[in-house]
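Please treat every number below as a calculation from the coordinates, not as lab data. Given the structure is predicted, the values throughout are model-derived calculations rather than measurements. Positions of Cβ are generated from backbone atoms using ideal geometry, with glycine treated the same way; all protein chains shown enter the neighbour counts.
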Amino acid sequence: MDYYDDLEIRDKEERERALFSVLPRQIAHAKANAPYFTRLLKDVEPDQVRDRKALAQLAVTRKSDLIGLQKEAPPFAGMTAVATGALGRVFSSPGPIYDPQGVRGDFWRMGRALFAAGFRRGDLVHNTFSYHFTPAGMMMDLGAQAVGCAVFPAGIGQTELQVAAIADLKPNGYAGTPSFLKILLEKADELKTNASSLKKALVSGEALLPAVRSWLHSRGIEIRQCYGTADLGLIAYETEPMGGLIVDEGIIVEILRPGTGDPVAEGEVGEVVVTTLCSEYPLIRFATGDLSAIAAGISPCGRTNIRIKGWMGRADQTTKVKAMFVHPSQVAQVVKRHSEILRARLVVDHDAEKNDRMTLRCEVRSRNDLLAQAITNTLRDVCKLRGQVEFADAGSLPNDGKVIEDLRKYD
């Protein structure tokens, strides 16, 4: 099997040394050139951040805060390290969140994912990601060009015109969402138009459901998925069907307990947090708001980087109880104040009279009434709301990344 480059098959320890030899320079660069990080990292000595333990001590920046931060310091909240006029393009994602693109080719590093999906020099890619306002179309476009492919910039919508273009141009590759690929093929069937030239696809932007993967495979299309964001570019990509997503070589990924900056154990579900080595947009510990987990072992394809299990939900579980917001970070504060707590989950539901009720379910080292009362008091002090505490058996709380579970029904 061939690889995009030798970085994909290097020794895991070699990769770790390489990433953390570059990280201090990236932190110093961000401090010196990006005003937001100048403030955020003012007490950080870049040369001291040479391993994951040191990285875990740095502050987290949350994507959910970007809208507000960009309004305070437009257009990029002071997070870019170059002047706006020195960028290649500027995009707007829903929010709005403004996204910078540097002038380097394959700025978002999508070529690696396309190569892993079977795209090669000389292919024609039918790209249905949007080119309007948002960067998704250009993200895939530049990646395809880096691999050596030609691109048909189809964008979204106009299914009949797209089907006609597929019949005329006979692209062998598709980039877009899996659901829109299915729509195009069904429209081709309806119009009795030949779309059989499509043999490979790289999809993103939504979950690739097993039934959809199977249906597309039955149409002769080998499909792979990738996970990325407009801020960070490629985060992880698939090489083996259902084999997890391999982390890109140009970033450092952590999985953190939602609402905290604390890494979780391998296999435990938490929030995907990324540090990028991009010089124009040097995001340090950028919390995506997405849940995932590290998969055990390495990929059967031979690539040696860590794998994540794909998108497993949203990390922002903030909810409102009795007209007051309760945040995952508050649950984390309660846990930190009691070393006896191994894991905790705040369950919000209704009592018999339909009043809001919250219960902190805790796995603990040993149970006693004094501990239960102490945790109850802390829960009240931190959340400014009364709640109850229930002890749970060790290992009984679900490993799904949820810190707050809202069970209320309003129908």
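Can you compute the helix-only [θ] at 222 nm over the chain? Use -39500 (n - 2.57) per DSSP H run of at least 4 residues, normalise by all residues, nearest 500 deg cm²/dmol.
For the chain, the value works out to -8000 deg cm²/dmol.
Let me understand segment 260-411 better: what is its radius of gyration from the alpha carbons, and its Dmax, in angstrom?
17.8, 58
Mind checking the alpha-carbon convex hull of segment 319-406 and giving the volume per residue in Å³? Show your work: numbers first, answer last.
Values: hull volume 8.3 nm³, N = 88.
Taking only Cα atoms, segment 319-406 has a hull volume of 94 Å³ per residue.
May I ask you to list the chymotrypsin sites (Phe, Trp or Tyr not before Pro) in segment 320-411 that are in a DSSP loop and have at most 13 other Cβ atoms within 10 Å of their Cβ?
Working: sites: F325, F391, Y410; in loops: Y410.
Sparse-neighbourhood loop chymotrypsin sites (Phe, Trp or Tyr not before Pro): Y410.
What is the fewest-to-most order of D43, D290, D168 by other Cβ atoms lying within 10 Å of their Cβ?
Final ranking by Cβ density, sparse to dense: D43, D168, D290.
HN-Hα J couplings of segment 280-290 from phi, Karplus 6.51/-1.76/1.60, θ = phi - 60°, integer Hz, Gly and Pro as x?
In residue order, the calculated couplings are 6, 9, x, 6, 10, 6, 8, 7, 6, x, 9 Hz.
Filter the cross-link list K63/K309; K336/K384; K42/K320; K63/K384; K12/K53; K42/K336 down to pairs whose alpha-carbon distance in this structure exceeds 29 Å. Mind showing how you got there, number by number?
Details: K63/K309 21 Å; K336/K384 17 Å; K42/K320 34 Å; K63/K384 26 Å; K12/K53 17 Å; K42/K336 26 Å.
Violating the 29 Å limit, Cα to Cα: K42/K320.
Which value results for Rg/Rh of segment 136-235 when Rg is the Cα radius of gyration and Rh the Kirkwood radius based on the inverse mean 1/r?
Radius of gyration relative to Kirkwood radius: 0.94.
Can you find, among S292, G270, F325, the residue farthest towards the positive end of the dipole of segment 240-350? Put +1 on the C-beta of Lys and Arg, -1 on that of Asp and Glu.
F325
Where Rh denotes the Kirkwood radius from the mean inverse Cα pair distance, what is Rg over Rh for segment 97-167?
0.99
Neighbour counts of other C-beta atoms within 10 Å: give me T38, T177, T80, T193 arranged from fewest to most.
Numbers: T38 13, T177 20, T80 25, T193 17.
Fewest-to-most Cβ neighbours within 10 Å comes out as T38, T193, T177, T80.
Evaluate Rg over Rh across segment 183-341, taking Cα atoms for both radii and Kirkwood's formula for Rh.
Radius of gyration relative to Kirkwood radius: 1.07.
So, with +1 on the Cβ of K and R and -1 on the Cβ of D and E, and no other charges, what is the size of the charge dipole of the chain about its Cα centre, to the nearest 20 debye?
Dipole size: approximately 460 debye.
Any idea what diffusion coefficient segment 6-308 gets from Stokes-Einstein, in µm²/s, Kirkwood Rh on alpha carbon pairs, 20 °C, 1.002 mPa s?
106
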